[in-house]
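Inspection log for the structure reproduced underneath, given as structure tokens.
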Amino acid sequence: MGAVRVRRVPSGREEVVKFDGEKLKVGDLLELMGLKRESVIVTRGGKIVPEEESVGDGEELVIYDVVSGG
């Protein structure tokens, strides 16, 4: 079993998301969290992580909510 620490921006909420296996694709992580892929941007170490990329146990991610307005 693996776990990824996630911080949400702008809310600042932090959570640990647990998953089966050693790695999980970012797109699958977003599904586990109930988030729409087109409504967030995921970063690791300050760099954008595409939804096809895998993350592993113990990694830390930041998820930015995409906000638009006019």
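The values are calculated or read from the model by the stated rules, or taken from the named source; none is laboratory data. These numbers were taken from a predicted model, which means no experiment stands behind them. Cβ coordinates were reconstructed from backbone atoms using ideal geometry, including for glycine residues, and neighbour counts include every protein chain displayed. Calculation scope for accessible area: heavy atoms of the full protein, side chains included, ligands and nucleic acids excluded. Shrake-Rupley method; radii C 1.70, N 1.55, O 1.52, S 1.80 Å.
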Please state which one of 54, 68 is touching a Lys or Arg at 6+ places or on another chain (Cβ under 7 Å) and either among the basic types (Lys, Arg) or open to solvent by 30 Å² or more (accessible area, probe 1.4 Å) (or both).
54
Name the residue, out of 8, 13, that is under 11 Å from the mean Cα position of the chain (by Cα) and either open to solvent by 40 Å² or more (accessible area, probe 1.4 Å) or charged (D, E, K, R) (or both).
8
Scanning region 16-51 for residues that are of a type outside the set (Lys, Arg) and closer than 11 Å to residue 65 by Cα, which turns out surrounded by the most Cβ atoms within 10 Å (Cβ to Cβ)?
42
A careful count of residues in region 3-25 that are out of contact with any helix residue (DSSP H, G or I) (no Cβ under 7 Å at 6 or more places or on another chain) and closer than 21 Å to residue 54 by Cβ gives 14
Only residues that are under 10 Å from the mean Cα position of the chain (by Cα), not in a strand (DSSP E or B) and not basic (Lys, Arg): list them for region 24-49, please.
26, 27, 28, 29, 30, 31, 32, 33, 35, 49
